[in-house]
Amino acid sequence: MNRKQMWIGAAALAVVTILVVVWRHRTENADADPPDRAVPVAVALVKRGSLTSSLTVTGAFIPYQAVDVHAKVAGYVRNIYVDYGDQVKAGQTLAILEVPELAAQVAGAKAGLRRATDAVTRAQSDIRRSESIYAAYHAEYTRLKAASEERPGLIAAQELDNAMAKDKDTEARIESDKAALAEAESQLGVAQAELQRLTALEDYTHVAAPFAGVITKRWADVGTMIQEGITSNTQSMPVVTLAQWDRLRLVVPVPESDVPMIKLGSKVQVHVMAMNRDFEGKVARYADALNAETRTMHTEIDVENPGDAIKDGMFAETRLVLEEHDNVLKVPLQAVEQKDSAATVLVVNSEGRIEERRVALGLEDSDQAEVAFGLVENDRVIIGDRSQYHAGEKVQAKVQPEISPAVESGQQGVP
C-alpha cells in the first residue's frame, strides 16, 4: 500500500468518527428533552391600586377680562399717557379730554349754586324778622286783651281789633316766609345736583382704567375727537383696549360623552407647549350647553399668570380627571381580548398551564382596566399576542416589569 492510499484511508476514518459522535450527541439530547416542553411566555401580575380615567384636551388662552375703554363725554384728546404693552393699575388716568363747553357749564352751575345759597340766606333772614315783628305785635295784643278783660270798656274795641289783626298778619307772614325758605332750599338742591352732575361729567374727561391690566391697543392720539361712549346712535371710538393678564382663561372643548363627569373646582396641570412649562389651573366655569356643530361644551380653566409669562392666544394642554377609583384590581389592556360584549384573559395557573377566563371590566385608562370579577390579586395574565397560545398549553411564565402609563391619545382640538 502506497502513501497516497494510506492518507485516503485515514481521512475516511476521521469522517466516519465525526458522524458517529454527532449522531450520538443528537440522540442523547433528544432522549433528555421532556415530551411536554414548557414555552416561555410574558405575563403581568394582577395588582390592586388606583385607577383614573382622564381626558387630555388642548385649548387657547384668552384674557380674564378685556374691554374697550370709552369716554363718557365728547371732546378732544388733550393728553394720552399710555401705549401698546403698558401695564396700568386700576383707576390710573389713561387720557385727558378737552371739553371747553363743559367747563363753561360748570362755571354757570357754580354761579347758580351761589345764587340759590344767597336766596336761602335771605329767606332765613326774612323769617327771623317776621318772627320778631310777630313777637312784638302778639305781646301788644295780649296786654290789651288782658286789660280789656280786667276792666271792660277801658280799651276801645277798634283798638283791640287792630292789635289782633296785626298779630294774625305777622303770624301769617312767618308762614309765608317759611314757604319762601322751603322753595329757596329746593332751588338750592337743584343747583347742587346740577353742579354735581356737571362736575361728574368733568371728572369723566379723565379717562381711567377700570381694572389693572395691559394696554393691548391704542385707538386715539392727541387731538383726536372722541364721541360720547353712551351715545347709542353713533359709533363711538374707544380710547384704548385694556386686558387683564395676571389671570387668564384657558378655553377647552369637552366632548359630549365626558360632559357629565366635569367637576367645577377641580385642580389641573396646564402645560404650555411654546414655553415647555407647567402651570396650575382650576376648572372655573362651563357653558352647561353643547355646541350644536362640534358637540362639545365650552369649558374654562382659570390660570394664574405670574409675570405675564403666558400670552393671549397661546395654546396649552391639560389633563382633566373624569373619574377615579381606589384599591381596585387592575389588569393591562393588552391582556384583554374583547369580542362583542364579552371580555376574556389568558391566565397561567399554578401548574403552569394556560386557562381562558371571562372577566368583567370597569373603569379604564390608557393602558389598564379595572376587573370587577374573574381574577384575583397576583393572578398571572398573558400579555401580548394571544394567537400563538391555547388553553391547556404548558408554558413558563416570565413576569414582566410594570410599564409606566402611556400618554393618552386622541386629543381634542380647539373648536
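No lab work stands behind these numbers, since they all come straight from the coordinates. From a predicted model like this one, the values you see are computed outputs, not experimental measurements. Cβ atoms come from the backbone with ideal geometry, glycine included; neighbour counts cover every protein chain shown.
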For the chain, with the dipole built from +1 on Lys and Arg beta-carbon atoms and -1 on Asp and Glu ones, taken about the Cα centre, which of 107, 134, 38 lies farthest toward the positive end? 38
Among 157, 74, 123, residue whose mean-square fluctuation peaks in a GNM of the chain (springs only between Cα atoms under 10 Å): 157
Using a simple spin-label model with points 7 Å from Cα along the Cα→Cβ vector, what separation in nm is obtained for residue 326 and residue 398? 3.8
According to a simple spin-label model (label point 7 Å from Cα along Cα-to-Cβ), what is the distance in nm between residue 118 and residue 282? 6.2
Show which aspartates and glutamates lie in cross-link reach of residue 217 when reach means a straight Cα distance below 15 angstrom and same-chain residues fewer than eight apart are skipped. 68, 83, 86, 312
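Among the GluC sites (Glu not before Pro) in the range 280-330, which ones are in a DSSP loop with at most 14 other Cβ atoms within 10 Å of the Cβ? Mind listing them?
Values: sites: 280, 293, 300, 304, 317, 323, 324; in loops: 293.
Answer by residue number: 293.
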Length released on extending from residue 65 to residue 217, taking residue separation times 0.36 nm less the Cα-Cα span: 53.3 nm
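Magnitude of the Cβ-charge dipole of the range 55-196, K/R +1 and D/E -1, about the Cα centre, nearest 20 debye?
Numbers: 16 positive and 21 negative charges, 57 e Å.
In debye, rounded to 20, the range 55-196 gives about 280.
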Cut-off of 10 Å, at most 14 other beta carbons, DSSP loop: longest stretch of the chain lacking such trypsin sites (Lys or Arg not before Pro): 90-262
Classify the range 83-139 from the C-alpha gyration tensor, please: rounded if a/c falls under 1.5, else prolate or oblate depending on whether a/b exceeds b/c. oblate
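Could you sort out which of 89/282; 145/168; 89/267; 47/398; 110/178 sit more than 18 Å apart by Cα distance in this structure? Before the final figure, lay out each step's value.
Working: 89/282 25 Å; 145/168 14 Å; 89/267 29 Å; 47/398 16 Å; 110/178 25 Å.
Check vs 18 Å cut-off fails for 89/282; 89/267; 110/178.
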Within straight-line cross-link reach of residue 263, aspartates and glutamates at Cα separation under 15 Å, skipping those fewer than 8 residues along the same chain: 288, 300, 302, 323, 324
Low-density loop GluC sites (Glu not before Pro), the range 93-144, at most 10 other Cβ within 10 Å, DSSP non-H/G/I/E/B, are none
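Could you compute the FRET efficiency for residue 129 and residue 199, with r as their C-beta to C-beta distance and R0 at 25 Å, rounded to 0.05?
Details: r = 35 Å, r/R0 = 1.41.
The pair residue 129/residue 199 has a calculated efficiency of 0.10.
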Residues in the range 55-78 near a label at residue 302, defined as backbone nitrogen under 14 Å from the 7 Å Cα→Cβ point? 64-65
Connecting every pair of Cα atoms under 10 Å apart in the chain and solving the GNM, the largest mean-square fluctuation among 202, 402, 149 falls on 149
Order of 373, 211, 61 - criterion: other Cβ atoms within 10 Å of each residue's Cβ, fewest first: 373, 211, 61
